[in-house]
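The next block holds one structure in the form of structure tokens; read it before the comments.
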Amino acid sequence: MIKVAVTGACGRMGSKILKKILEQDDMEVVAAIESPNTPFQSKDVGEIIGIGELGVEVNGAEKLAETLKTSKADVLVDFTIADAAVGTIKTTSKEGVNLVVGTTGFSDQQLKEIKESIHKNQVSAVIAPNMAVGVNVFFKIIKDVAALIGDYDVEIIEAHHRHKKDSPSGTAVRAAEIIAEELNRNLDEVGVYGRKGIVGERTDEEIGIHAVRGGDIVGDHTVLFAGEGERIEIVHRAHSRQSFVSGVIKALRYVGTAQKGSISDMGDVLGIK
Ligand SMILES: NC(=O)C1=CN([C@@H]2O[C@H](COP(=O)(O)OP(=O)(O)OC[C@H]3O[C@@H](n4cnc5c(N)ncnc54)[C@H](O)[C@@H]3O)[C@@H](O)[C@H]2O)C=CC1
Ligand SMILES: O=C(O)C1=N[C@H](C(=O)O)C[C@H](O)C1
């Protein structure tokens, strides 16, 4: 039985992940963690997320180390916010607990600290900006198209709900990284994040990345390859957060089999490379 601790347990993703775990025969929720000094402290997480008493109390993140010890969690799944997730990941890996991290918006420095902690403490992790199977197929498709038509102008457009705090999406950033790598470009140099004013003509090398926010859009991503007289648009649309949640369950099963100290992405989990 895989013992799972969920951080961000009452959030849009955390609550759905928790409910999905309850449907699995080979895993159980042993801890529910929320923001420091949460008003939900010691309340039953099942009652908070509307599924009735679960027998798992919410603990604030300030109690994470103690909670992981008492719950004997095998793995922690984190869908929170980057600034919080770094500390969560460091504490979790120090406790020898594996990780599935879906949180996005990490800086390069934060990612460096996360990787160092996972390696130093020899835990296994799956870190992915998008856990949907379809998005990881989308990643493979855009890589292959970039290899065939890389001299076309590349633009990435993402759209999400009005509550999303980070921009551009982690999925859009990953898509830009994949294409830049395929075309031997340095994304730090060629990435253009929105355009305003007299910005001049587009360069051949640049990759445009644009974010739309509004309503309850779950997550749309378009990669556009535009050339003389034509364009190719590759689109992924998430209709429901269940697309991500299904991937999380796969990642939870995978991470315990991965090499200690390793960091895998969903391509590794799904065998799509
Ligand atoms: N990898 C993927 O497939 C997906 C990733 N995401 C990412 O997941 C993150 C969360 O997204 P949502 O669930 O929509 O956000 P949300 O705001 O609904 O949920 C975040 C939850 O984390 C809690 N929280 C804040 N600080 C915390 C801490 N230190 N410890 C524990 N909990 C803490 C908040 O109180 C909230 O309940 C975002 O970064 C988003 O981009 C979202 C969907 C899919
Ligand atoms: O915040 C969200 O909702 C999502 N965030 C992820 C991202 O930043 O790519 C994944 C998905 O698009 C939903």
Report task. Go through segment 1-12 and give me each residue that's under 16 Å from the mean Cα position of the chain (by Cα) and either more than 6 Å from ligand 1 (Cβ to nearest atom) or over 9 Å from Asp78 (Cα atoms) (or both). Result -> Val6, Ala9, Gly11, Arg12
Query raised in the report: Among Asp265, Asp216, which is the only one that is among the charged types (D, E, K, R) and buried (at least 17 other Cβ atoms within 10 Å of the Cβ)?
Result: Asp265
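Picking from Leu252, Leu224, Leu270, Leu187, which residue would you name as being touching an Asp or Glu at 6+ places or on another chain (Cβ under 7 Å), touching a residue at least 60 places away in the same chain (Cβ under 8 Å) and not aromatic (Phe, Trp, Tyr)?
When all the criteria are applied, what remains is Leu224.
I'm checking my understanding of the structure. Among residues of segment 59-103 that are within 16 Å of ligand 2 (Cβ to nearest atom) and among the charged types (D, E, K, R), which one is surrounded by the most Cβ atoms within 10 Å (Cβ to Cβ)? Give the steps one after another, and end with the answer.
Step one: filter segment 59-103 for residues within 16 Å of ligand 2 (Cβ to nearest atom), giving 77-85, 100-103.
From the residues that got through so far, the ones that are among the charged types (D, E, K, R) too are 78, 83.
Details: Asp78: 24, Asp83: 12.
Applying the filter and picking the extreme gives Asp78.
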Report task. Inspect all residues belonging to segment 29-40 and state whether any of them is at pLDDT 95 or above, part of a loop (DSSP other than H, G, I, E, B), in contact with a helix residue (DSSP H, G or I) (Cβ under 6 Å, 6 or more places away or on another chain) and over 30 Å from Pro168 (Cβ atoms). Result -> yes
Report summary line: Given (1) more than 11 Å from ligand 1 (Cβ to nearest atom); (2) buried (at least 17 other Cβ atoms within 10 Å of the Cβ), Ser107 misses just (2)
Report task. Go through segment 144-170 and give me each residue that's away from ligand 2 (no atom under 11 Å from the Cβ), touching a helix residue (DSSP H, G or I) at 6+ places or on another chain (Cβ under 7 Å) and part of a strand (DSSP E or B). Result -> Val154, Ile156
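Determine whether Lys120 is closer than 25 Å to Gly256 by Cβ and either touching a Lys or Arg at 6+ places or on another chain (Cβ under 8 Å) or surrounded by fewer than 24 Cβ atoms within 10 Å (Cβ to Cβ) (or both).
For Lys120, the condition - closer than 25 Å to Gly256 by Cβ and either touching a Lys or Arg at 6+ places or on another chain (Cβ under 8 Å) or surrounded by fewer than 24 Cβ atoms within 10 Å (Cβ to Cβ) (or both) - is met.
The values are calculated or read from the model by the stated rules, or taken from the named source; none is laboratory data. Note that the structure is predicted; figures quoted are calculated from it, not measured. Neighbour counts are summed over all protein chains in view; Cβ atoms, including those assigned to glycine, are modelled from backbone coordinates with ideal geometry.
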